[in-house]
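Contents: one structure, followed by commentary.
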Amino acid sequence: DQQVKQNSPSLSVQEGRISILNCDYTNSMFDYFLWYKKYPAEGPTFLISISSIKDKNEDGRFTVFLNKSAKHLSLHIVPSQPGDSAVYFCAAVATGTASKLTFGTGTRLQVTL
Amino acid sequence: EAGVAQSPRYKIIEKRQSVAFWCNPISGHATLYWYQQILGQGPKLLIQFQNNGVVDDSQLPKDRFSAERLKGVDSTLKIQPAKLEDSAVYLCASSLAPEKLFFGSGTQLSVL
């Protein structure tokens with residue numbers, strides 16, 4: 001039962017353009033969402049998060065959008081840089097419960113010159 | 001601030017052998033997690049500790065996997081006996097807030 005889905009296993013974007021990574025979830029109890037970034041041979045690192053009371057959160061070049069009715073969130077990176085090339089994991093949790101963080105399968109982003 | 005330390009970085013064993021992984025979390029982080037990441041999949045929680053007590057081990061294959069966190073700091077994860085399907089990266093993470101985890105670099109296990 002995949003409660004968090006990232007349907008695009010890979011994405012290639014030209015440097016300077018916008019990267020859009022998508023994530024869908026099925027569990028309506030999820031109320032906090034996070035994006036983690038992972039370089040090869042390293043552990044995932046926290047990138048940005050959003051609470052379900054918001055529909056947008058911005059941090060520099062990174063913006064996360066949440067559409068609760070569609071159970072969909074997306075990560076926008078503008079402008080994309082070669083250093084952004086990594087695997088991006090979407091994760092979700094139902095706060096205030098004993099629920100654990102549930103990760104998606106990841107999207108590999110490659111930013112080309 | 002030192003991050004989450006894990007060792008070894010790589011381990012190759014034959015099936016039916018045993019293996020142990022070690023994790024030292026960020027100082028002051030009461031919560032410690034062990035995740036298994038199989039190639040092409042997202043990290044899956046194996047066990048979560050709060051100090052030295054187990055909060056969630058519902059997805060830990062207890063017939064072969066065991067974990068402990070003595071004195072509420074370091075933790076070890078053991079597999080005995082290992083199976084081919086245990087080949088994965090084993091990630092340790094720690095946190096202050098339950099949502100924002102800090103991960104170590106992981107141990108890549110290959111079971112032949």
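The values are calculated or read from the model by the stated rules, or taken from the named source; none is laboratory data. Worth saying up front: this structure is predicted, and the values here are computed from it rather than measured. Quick reminder, even Gly has a Cβ in these numbers, built from the backbone with ideal geometry, and neighbours come from all protein chains shown. All accessible areas refer to the heavy atoms of the entire protein, side chains included, with ligands and DNA or RNA removed. Shrake-Rupley method; radii C 1.70, N 1.55, O 1.52, S 1.80 Å.
Kindly provide the set of residues from the range A:50-84 that are within 13 Å of chain B (Cβ to nearest Cβ), open to solvent by 10 Å² or more (accessible area, probe 1.4 Å) and part of a strand (DSSP E or B), ordered by number. It would help to see each step written out before you state the result.
In the first step, residues of the range A:50-84 are kept if they are within 13 Å of chain B (Cβ to nearest Cβ); the result is A:50-52.
Subset that is open to solvent by 10 Å² or more (accessible area, probe 1.4 Å): A:51-52.
Matches in the range A:50-84: A:Ser51 only.
Which is in contact with a Gly (Cβ under 7 Å, 6 or more places away or on another chain), of a type in the set (Val, Ile, Thr) and either within 14 Å of chain B (Cβ to nearest Cβ) or crowded, with 16+ Cβ neighbours inside 10 Å (or both), of A:Val13, A:Val87? Spell out the reasoning first.
On the way: A:Val13 fails: in contact with a Gly (Cβ under 7 Å, 6 or more places away or on another chain).
Result of the check over A:Val13, A:Val87: A:Val87.
Identify all residues within the range A:1-10 that are crowded, with 20+ Cβ neighbours inside 10 Å and not in a loop (DSSP other than H, G, I, E, B); write none if there are none.
A:Val4
Yes or no: A:Ala92 surrounded by 15 or more Cβ atoms within 10 Å (Cβ to Cβ), touching a Ser or Thr at 6+ places or on another chain (Cβ under 6 Å) and closer than 23 Å to B:Ala88 by Cβ?
Numbers: surrounded by 15 or more Cβ atoms within 10 Å (Cβ to Cβ): yes; touching a Ser or Thr at 6+ places or on another chain (Cβ under 6 Å): yes; closer than 23 Å to B:Ala88 by Cβ: yes.
The answer is yes for A:Ala92.
So which strands (runs of 3 or more DSSP E) are wholly in the range B:21-101 and hold at least 1 residues that are without any contact (Cβ under 8 Å) to a residue 60 or more places away in the chain, out of contact with any Leu (no Cβ under 8 Å at 6 or more places or on another chain) and among the charged types (D, E, K, R)?
Filter on the range B:21-101 gives B:44-50, B:65-68.
Please go through the range A:101-113 and pick out each residue that is within 14 Å of another protein chain (Cβ to nearest Cβ), surrounded by 19 or more Cβ atoms within 10 Å (Cβ to Cβ) and not hydroxyl-bearing (Ser, Thr, Tyr).
Matches in the range A:101-113: A:Leu101, A:Phe103, A:Gly104, A:Gly106.
Residue-by-condition table, conditions (1) within 14 Å of chain A (Cβ to nearest Cβ); (2) open to solvent by 80 Å² or more (accessible area, probe 1.4 Å); (3) within 20 Å of B:Pro8 (Cβ to Cβ):
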site: B:Leu46; (1), (2), (3): yes, no, yes
site: B:Asn52; (1), (2), (3): no, yes, no
site: B:Asp57; (1), (2), (3): yes, no, no
site: B:Ala67; (1), (2), (3): no, no, yes
site: B:Asp74; (1), (2), (3): no, no, yes
site: B:Leu77; (1), (2), (3): no, no, yes
site: B:Leu84; (1), (2), (3): no, yes, yes
site: B:Tyr90; (1), (2), (3): yes, no, yes
site: B:Ser94; (1), (2), (3): yes, no, yes
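Only one of (1) at positive phi; (2) touching a strand residue (DSSP E or B) at 6+ places or on another chain (Cβ under 7 Å) fails for A:Gly96. Which number is that?
Of the numbered conditions (1) at positive phi; (2) touching a strand residue (DSSP E or B) at 6+ places or on another chain (Cβ under 7 Å), the odd one out for A:Gly96 is (2).
Can you say whether B:Gly40 is on the phi > 0 side of the Ramachandran plot, of a type in the set (Gly, Ala, Ser) and surrounded by fewer than 17 Cβ atoms within 10 Å (Cβ to Cβ), as far as the supplied structure shows?
yes
Please determine whether any residue of the range B:2-20 is away from chain A (no Cβ under 13 Å), in a strand (DSSP E or B) and within 28 Å of A:Val4 (Cα to Cα).
No - not one qualifying residue is present in the range B:2-20.
For the range A:37-48, enumerate the residues that are more than 14 Å from the chain's Cα centre (by Cα) and either more than 11 Å from chain B (Cβ to nearest Cβ) or open to solvent by 20 Å² or more (accessible area, probe 1.4 Å) (or both).
Those that are more than 14 Å from the chain's Cα centre (by Cα) and either more than 11 Å from chain B (Cβ to nearest Cβ) or open to solvent by 20 Å² or more (accessible area, probe 1.4 Å) (or both): A:Tyr39, A:Pro40, A:Ala41, A:Glu42.
Pick from the range A:16-36 the residues that are in a loop (DSSP other than H, G, I, E, B) and in contact (Cβ under 8 Å) with a residue 60 or more places away in the chain: which of them is surrounded by the most Cβ atoms within 10 Å (Cβ to Cβ)?
A:Phe30
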